[in-house]
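S.K.: Next up is a structure, given as structure tokens.
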Amino acid sequence: MTFWRQVRTVIANNLRVERRTLEVVGVTFPFAVATLIAFGLAVGIDAALLERIGPALYWVVVLIFSVLIILRSSGTGSAAQRDLMKLLAVDPAVTTVAAGLSAALIMLVFEILLLPVTMLLFNWTPGTWSWVVTLPMVALGLGLLGSLVNTVTTSLSSRTSLAAILIVPGSIPLLVAATNSLEATTYGQGILPWLLLLLAVNLGLGIAVVALAGPIDDL
Amino acid sequence: MLQLGNTPVLADVTLAVDMGTAIGLTGANGSGKSSLLRCLATLQRPTVGTLSVLGFDAMTAERRGARRYITLIGHDAGLYPSLTLRENLDLVADMLGRSRDHTLQALEAVGLRGAAARPLEAASKGMVRRLELARVLIQQPRLLLLDEAHAGLDTASSDLVDQVVARVTADGGAAVVVSHEIDRLQSAVDNLYKLEAGILERLV
């Protein structure tokens with residue numbers, strides 16, 4: 001079985017598990033909406049200010065909840081599930097790439113669901129096409145980052161706390177690029193530099209996910 | 001020798017398992033049986049010593065080559081609770097590049113064909129163990145490692161465990177079976193060992 005066919009099989013399996021458990025859509029998403037509303041209430045009733053900070057709040061909520069999505073139990077898998085994959089002679093890179101891409105797809109669904117809520121709450125209209133590019137790129141970056149962090153921390157007893165601590169700073173370039181690209185189109189400015197930053201970060205994360213999977217498995 | 005942190009788990013273990021034979025392993029809880037199985041499965045490396053599994057040096061990255069031929073049935077099945085019994089086995093078959101026809105045949109062989117659509121989380125412990133035995137039939141390992149092989153199983157399921165072990169050895173493979181049921185174990189294996197405080201001793 002080829003590398004990508006195995007990746008596809010694991011992704012399909014991970015998405016099937018998510019569809020059955022509805023851990024992200026049924027549990028995480030409602031809390032994200034509540035958080036977005038709470039942020040809005042905390043800012044006050046200044047409509048112009050709310051409209052202006054809408055994109056930033058959207059991405060902050062995406063970032064905060066990405067930690068929950070990435071570290072959810074069905075996403076990281078149990079030690080026994082990881083052992084099973086090893087004993088099926090699955091290349092460690094297959095497991096990490098598939099975990100990253102599955103998390104990216106789930107993050108994308110989460111972002112898409114949260115977008116209309118943000119637009120409604122903050123009377124914010126993103127640029128016509130920028131979000132079509134930005135959302136998948138951020139989702140991919142967060143998914144790969146999550147897979148990388150899970151791989152690095154997998155056998156540590158402090159994994160849950162440490163992973164969260166690593167994800168937040170790791171996702172700052174993604175957050176900065178995402179916020180600025182959406183704002184740039186809103187104010188009629190160019191977004192190419194921000195998209196290039198997203199691309200570079202994703203590329204770096206992708207390389208790290210593939211390159212570190214084997215050596216960490218050998219530890 | 002195997003040490004986890006500062007705790008010595010396996011102190012003195014010398015073991016050779018011939019192909020086509022099964023060995024039984026017994027011992028008190030915490031004596032290191034599961035750790036020994038994990039070493040044999042190449043999932044854990046001894047701190048000191050040598051380990052060769054199916055001709056692969058398990059102390060180096062070469063151990064990955066052996067893994068395709070090893071099935072470990074441990075305390076945790078490593079399966080997905082929200083998936084059905086069939087979907088769990090389909091994943092195994094897919095990853096091994098085997099036809100999904102094997103899945104139904106394996107489920108039939110362990111008496112689970114009728115429960116194929118049942119979610120794993122709704123299956124009993126005995127059913128989960130049968131499902132793991134079905135995984136053995138799909139994987140056709142050269143080394144079968146069974147931890148607490150008969151624990152919590154009814155007579156029929158325990159018999160099935162012994163049949164699968166016999167099938168693996170009859171096909172030229174080797175098996176290491178951990179169990180507390182010494183009488184049953186003796187009738188199912190060629191040699192019996194006892195592990196006590198990390199020291200392996202041959203009984204029969």
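The values are calculated or read from the model by the stated rules, or taken from the named source; none is laboratory data. Quick caveat: nothing in here was measured; it's all calculated off a predicted structure. No Cβ is skipped: glycine too gets one built from the backbone with ideal geometry, and neighbour counts run over all protein chains shown.
S.K.: Against the condition under 11 Å from the mean Cα position of the chain (by Cα) and of a type in the set (Val, Ile, Thr), how does B:Val128 come out, does it pass?
M.R.: No: the conditions fail for B:Val128.
S.K.: So, B:Asp12, is that one within 14 Å of chain A (Cβ to nearest Cβ) and either surrounded by fewer than 18 Cβ atoms within 10 Å (Cβ to Cβ) or not aliphatic (A, V, I, L, M) (or both) or not?
M.R.: The answer is no for B:Asp12.
S.K.: Sticking with this structure for a sec: Determine which member of the set B:Arg38, B:Arg98, B:Arg64 is over 19 Å from B:Leu146 (Cα atoms) and not in a loop (DSSP other than H, G, I, E, B).
M.R.: Matching residue, one of B:Arg38, B:Arg98, B:Arg64: B:Arg64.
S.K.: What tally of residues in the stretch A:72-87 results from selecting those that are surrounded by fewer than 19 Cβ atoms within 10 Å (Cβ to Cβ) and aliphatic (A, V, I, L, M)?
M.R.: 2
S.K.: Suppose we filter the stretch B:163-179 for residues that are outside any helix (DSSP H, G or I) and charged (D, E, K, R); how many remain?
M.R.: 1
S.K.: May I ask you to list the residues in the stretch A:146-184 that are touching a Ser or Thr at 6+ places or on another chain (Cβ under 6 Å) and closer than 23 Å to A:Thr95 by Cα?
M.R.: A:Ser147, A:Asn150, A:Thr151, A:Arg159, A:Leu162, A:Ala163
S.K.: Here is a follow-up. Assess whether B:Ala122 counts as being within 14 Å of chain A (Cβ to nearest Cβ), without any contact (Cβ under 8 Å) to a residue 40 or more places away in the chain and either of a type in the set (A, V, I, L, M, F, W, C) or over 13 Å from B:Leu25 (Cβ atoms) (or both).
M.R.: Against the criterion (within 14 Å of chain A (Cβ to nearest Cβ), without any contact (Cβ under 8 Å) to a residue 40 or more places away in the chain and either of a type in the set (A, V, I, L, M, F, W, C) or over 13 Å from B:Leu25 (Cβ atoms) (or both)), B:Ala122 qualifies.
S.K.: Let me ask something else. Take the residues in the stretch B:69-93 that are hydroxyl-bearing (Ser, Thr, Tyr) and touching a strand residue (DSSP E or B) at 6+ places or on another chain (Cβ under 8 Å); name whichever of them is nearest to the other protein chains (Cβ to nearest Cβ).
M.R.: B:Ser82
S.K.: If you take the residues of the stretch B:180-204 that are of a type in the set (Gly, Ala, Ser) and not in a helix (DSSP H, G or I), which of them is surrounded by the most Cβ atoms within 10 Å (Cβ to Cβ)?
M.R.: Checking each candidate, the answer is B:Gly198.
S.K.: Okay, moving on. Pick out, from the stretch A:64-145, the helices (runs of 4 or more DSSP H) lying fully within it that include 2 or more residues that are at pLDDT 85 or above and within 14 Å of chain B (Cβ to nearest Cβ).
M.R.: The qualifying helices (runs of 4 or more DSSP H) are A:79-87, A:92-122.
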